[in-house]
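First comes the structure, then the notes that go with it.
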Amino acid sequence: MKGVFMDRKILRRSIVLIVLLLLIIYLFNKSGYSLTENNAIRNSYPSKDGEVIYVKDYGNKKTIIWKTNNGNYAKLVEPKWDIFYHVSHVAELYPMTPVVGQEGDIKRTWSASLNSNKMFETIFAVASDNPEIKRVIVSNDNIDNVILDNIEEIKENSTVFIELKLEDGFAAAYSELKTKDAGGFIFRGIDEKGKIIILGR
């Protein structure tokens, strides 16, 4: 009888633990957390059918570009507690209105949010179907008075300088930025010789 009582006690505890685990998974899933990376991407905004067309790893984080019938979205995917995955940033790529160049040559986006280290976690994403554009430079130099076209001068006059190499017309990046640097970004589409084809915000 003692053995039967112990078996029932173990069974009861096991059922309670399973129910608690399922409840935790359900609540986290409702909060945007998933057990798999693929589910986190698919269940985050926009919750539409789509496919991952670009991936870039940054340690345990990933920037991805999610293609849907209604547009492309950049997402930052990161693990939580080695159990769940979460999409913390989502931003849609929009056509850039250029200061220099032809409208429609680049779609771009960026998104930033303050983390516990008082740094802005920032994602960038670009797309281009112009075969001449091989790279996109993201910087924060001032173009109000003089528009620089020399890469070294752009670097010298920027506190943010990120080079995105297009792969099949897409690229994305992740960076932690100081508060003063998280904004005012300039996007330059560059050919293989370093000539600027398009420039804008």
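Scan the strands (runs of 3 or more DSSP E) fully inside segment 86-133 and keep the ones with 2 or more residues being open to solvent by 30 Å² or more (accessible area, probe 1.4 Å) and among the small types (Gly, Ala, Ser).
107-114
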Exercise. Just to be sure, is Thr179 touching a Leu at 6+ places or on another chain (Cβ under 9 Å) and open to solvent by 20 Å² or more (accessible area, probe 1.4 Å)?
Worked result: yes
Exercise. Are any of the residues in segment 48-65 basic (Lys, Arg), surrounded by fewer than 19 Cβ atoms within 10 Å (Cβ to Cβ) and without any contact (Cβ under 8 Å) to a residue 40 or more places away in the chain?
Worked result: yes
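The values are calculated or read from the model by the stated rules, or taken from the named source; none is laboratory data. All values reported here derive from a predicted model rather than from experimental measurement. Don't worry about glycine lacking a Cβ; one is built from the backbone with ideal geometry, like all the others, and counts go over all protein chains shown. Heads up: the accessible areas ignore ligands, DNA and RNA and are worked out on the full protein's heavy atoms, side chains in. Shrake-Rupley method; radii C 1.70, N 1.55, O 1.52, S 1.80 Å.
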